[in-house]
1. Taking the beta-carbon count within 10 Å as an exposure proxy, list Ile102, Ile5, Ile146 from fewest neighbours to most.
2. Across the Cα atoms of region 2-147, what radius of gyration and what greatest pairwise Cα-Cα distance (Dmax) are found, in Å?
3. Provide Tyr152, Tyr141 in ascending order of the number of other Cβ atoms located within 10 Å of each residue's Cβ, fewest first.
4. Provide the FRET efficiency to the nearest 0.05 for the Gln65-Ser124 pair, computing r from the beta carbons and using R0 = 41 Å.
5. Given Cβ point charges of +1 (Lys, Arg) and -1 (Asp, Glu) and nothing else, what value in debye, to the nearest 20, does the dipole of the chain about its Cα centre take?
6. Can you put Val36, Val98 in order, fewest other beta carbons within 10 Å first?
7. How far apart, in nm, are the 7 Å Cα→Cβ label points at Gln10 and Asp106?
8. Per the Kirkwood treatment, what hydrodynamic radius in Å, one decimal, follows for region 62-155 from the mean inverse distance over all distinct Cα pairs?
Amino acid sequence: MKLVIVAVGQRQPAWVNDAVADYLARFPADFDVRLVEVKAEARSGQAVERTLVAEGQRLQAAVAQATVVVALDEHGKDWTTVQFAEQLQKWRARSERVAFVIGGPDGLDPDFKRAAAMRVRLSSLTLPHALARVLLAEQLYRAWSILAHHPYHRA
C-alpha cells in the first residue's frame, strides 16, 4: 500500500520532524508511508483567498499520483481509530494510492476540499498543523497495527 501525507509548510520544529520520522520508520516495506512537504505561500500583503489558491495548486501537483485524496478538515468525517483502520483496509484491498492533505495556517482552498474524495477530521479540538502531522502519522501506524494484529493497539 502506498500512502502519502502532504502538508503545507517546510520548516517544522525538530520534535515534529523526529516524531513523524519515528512513526514512518515503523511501517513494514509493503506499507509505504511518506511525508511530502509543500511550500507555504507568503502571508504578508495578500488576501487569504489568494494564499489558499496558491497553496492549493502546489498541493494538487503533490497529490497528482494519488487515487484517493483525503483532505483533513475540521468539518470532515469523525472516525474512530477502528473505523479509520477499516477504511484503510478497503483502500488497500483496491490497491489505491491515498494522499492525506494537511493545509497551512489558513486551512485548505475550498475548491481543493470540494475536489477531494473525502474530508476527515482528526479531532474536534483545534490542532496546530505541526501536531496534526504527528497525530496523523501515529494514527496511520495505529490503524496498520490493528490490521496486522500487532500489539501496539490495545483496545
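1. Numbers: Ile102 26, Ile5 23, Ile146 19.
Lowest to highest Cβ neighbour count: Ile146, Ile5, Ile102.
2. Rg then Dmax for region 2-147, in Å: 14.6, 47.
3. Values: Tyr152 12, Tyr141 21.
Ascending Cβ contact count within 10 Å gives the list Tyr152, Tyr141.
4. Values: r = 31 Å, r/R0 = 0.77.
For Gln65 and Ser124, the calculated efficiency is 0.85.
5. Values: 20 positive and 17 negative charges, 55 e Å.
Dipole about the Cα centre, nearest 20: 260 debye.
6. On the way: Val36 13, Val98 22.
Taking fewest neighbouring Cβ atoms as first place, the list is Val36, Val98.
7. 2.0 nm
8. Numbers: mean 1/r = 0.0718 Å⁻¹.
Here the Kirkwood hydrodynamic radius works out to 13.9 Å.
Where a number appears in this text, it was derived from the coordinates with a stated rule and is not lab data. Every value quoted in this text rests on a predicted model; they were computed, and no experiment measured them. With ideal geometry, Cβ positions are generated from the backbone for all residues, glycine too; neighbour counts draw on all protein chains shown.
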